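Undergrad: Here it is: the structure, laid out below.
Readers should treat all values here as calculations from the given coordinates under stated rules, not as data from a laboratory. Values in this document were obtained by computation on a predicted structure and should not be read as measured data. We place every Cβ from the backbone using ideal geometry, glycine too, and count neighbours over all the protein chains shown.
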Ligand code: PMP
């Protein structure tokens, strides 16, 4: 495949945009080659400016459950655009989308819309601190919750230690209240509680982690976490920015019996438009401005075009109960095929699927937390990624990301992908 135009476009972008990209992962830093610059999407495919076509397993990092340019979503967006792009005033479509969300999630009576996952989580954390009157929060190593200051905390400082910033520009004073625990390890959480006599406002977790590869939390672990939070008067936040409407219609909450106190949602509810949201019961949400004293705001929050896209997508998902079964079967078909391809060249691989989310690691042992994920063969992944790209398969450009199936992806496309995987793995292990 030729990438000449993308290579030139990347160089040009580099001169005016840091790293040539507006979000670091897009730069292909962990894999080989130049990121293709995308010209358009169509159903299951994306096309780059060199005219190469790829089966898209990234789906804009999750939102596009119905693939690119879904006709219904497109129509609702165009209709909304014609009525005006933004008003900064209430619109009924916000209430409609909020109603759909609160009827789906038992844990949510009220929801507030924002414009990104980062904003949703940042606001939820502020609300949790405001409600409990406590400063400390607890997150898990390897979980990503957006790039707000108090959540941008480095891993690796051991169990239950206070966090240190993982980026210059984040004052240590802002992250000293962020405690780190190990995913799927309840003892590490217990230690954090024991070390915090002043209390912990909230525990935030990706109940199905998608930012260290796909690593689901174990049911028993979530139950123990719930019990600890209840015991300590700590709010449990499920960050479902990625898993919401992806793992199932109710996200992780359609899979686990554990109920969080607060939920953050994101990209998937916007169907590709910038949206985020956070919700909880009416009592907790009553602390939010203007009902209560915890301030949070946004000029473009609840943007009518984004709301229209989200509403159409969500209603489509609700009315067709076969969607998730179909997506799940396809995800399974894909990872089973990838595993067989890896077996054929004696390369160890572990795989997982949750609804339309799929993950695979070049690793010989189960991956339960970030330390396990770090042991995957990243060099092999980089070669695999390049080989697949060259064969028209667009996979997430890091072994710490999750893959997504859209309804536009067919069994034939998956079989084509698996065939490519056999070829690539044979080539790169020779
Ligand atoms: N939380 C989770 C679980 C995420 O996966 C992400 C983004 N991948 C975010 C928060 C941040 O969302 P955004 O990139 O829209 O700010």
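Undergrad: If you wrap a convex hull around the Cα atoms of the chain, how much volume per residue is inside, in Å³? Display every interim value, and only then the final one.
TA: Working: hull volume 60.5 nm³, N = 430.
Considering the Cα atoms of the chain, their hull volume per residue is 141 Å³.
Undergrad: Testing the spin-label approximation: label points 7 Å from Cα along Cα→Cβ at residue 74 and residue 167. State their distance in nm.
TA: 3.5
Undergrad: For a Förster distance of 30 Å, can you work out the FRET efficiency between the beta-carbons of residue 53 and residue 220, rounded to the nearest 0.05?
TA: Efficiency, rounded to the nearest 0.05: 0.10.
Undergrad: Which residue, 217, 271, 227, tops the fluctuation ranking in a GNM of the chain built on C-alpha contacts under 10 Å?
TA: Ranking 217, 271, 227 by mean-square fluctuation puts 227 first.
Undergrad: So how long is each side of region 71-319 along the principal axes, counting just the alpha-carbon atoms, biggest first, in Å?
TA: Sorted largest first, the three principal extents are 55, 34, 33 Å.
Undergrad: Determine the percent antiparallel among the DSSP beta bridges restricted to the chain, to the nearest 5.
TA: 60
Undergrad: Determine the shape class of region 314-375: with a ≥ b ≥ c the square roots of the Cα gyration tensor eigenvalues, call it rounded for a/c under 1.5, and otherwise prolate if a/b is greater than b/c, oblate otherwise. Don't skip to the end; give the middle numbers.
TA: Numbers: a/c = 4.98, a/b = 1.88, b/c = 2.65.
Verdict is oblate for region 314-375.
Undergrad: A further question on this structure: How long is the gain from residue 343 to residue 198 if the chain were fully straight, where each residue apart is worth 0.36 nm and the alpha carbon distance is subtracted?
TA: 47.1 nm
Undergrad: Hull surface divided by four, with the convex hull built on the Cα atoms of region 246-349: how many nm²?
TA: Working: hull surface 38.8 nm².
Computed as one quarter of the Cα hull surface, the answer is 9.7 nm².
Undergrad: With each label point set 7 Å from Cα along the Cα-Cβ vector, what nm distance links residue 429 and residue 315?
TA: Using points 7 Å along Cα→Cβ, the separation is 4.9 nm.
Undergrad: Cα atoms only: what Rg and Dmax, in Å, come out for region 177-289?
TA: Rg then Dmax for region 177-289, in Å: 14.3, 43.
Undergrad: Measure out, as a whole number of angstrom, how far apart the alpha-carbon centroids of region 309-343 and region 1-79 sit.
TA: So the two Cα centres are separated by 21 Å.
Undergrad: Separate question: Determine the distance separating the Cα centre of region 113-140 from the Cα centre of region 274-305; give it in Å without decimals.
TA: Measuring centre to centre over Cα atoms gives 11 Å.
Undergrad: Rounded, prolate or oblate: pick one for region 1-158, where a ≥ b ≥ c are the square roots of the eigenvalues of its C-alpha gyration tensor, a/c under 1.5 means rounded, and failing that, prolate if a/b is larger than b/c, else oblate.
TA: Oblate.
Undergrad: Rounded, prolate or oblate, given the Cα gyration tensor of region 351-430, with a/c below 1.5 counting as rounded? Intermediate values should be presented prior to the final figure.
TA: Numbers: a/c = 2.04, a/b = 1.17, b/c = 1.74.
Taking the square roots of the gyration eigenvalues as a ≥ b ≥ c, region 351-430 is oblate.
Undergrad: Taking the convex hull of the Cα atoms, report for region 343-391 its projected area averaged over all directions, in nm².
TA: 4.2
Undergrad: Another question about this same structure. Before rounding to the nearest 500, sum -39500 (n - 2.57) across all DSSP H runs of length at least 4 in the chain and divide by the residue total; then give [θ] at 222 nm in deg cm²/dmol.
TA: Calculated mean residue ellipticity at 222 nm is -12000 deg cm²/dmol.
Undergrad: Say each of residue 12 and residue 106 gets a label point 7 Å from the Cα, pointing the same way as Cα to Cβ; how far apart are those two points in nm?
TA: 5.4
Undergrad: Relative contact order for the chain: what percent, with Cα pairs under 8 Å and sequence separation of 6 or more? Can you show the working numbers first?
TA: Values: 877 pairs, mean separation 93.4, N = 430.
That works out to 22 percent.
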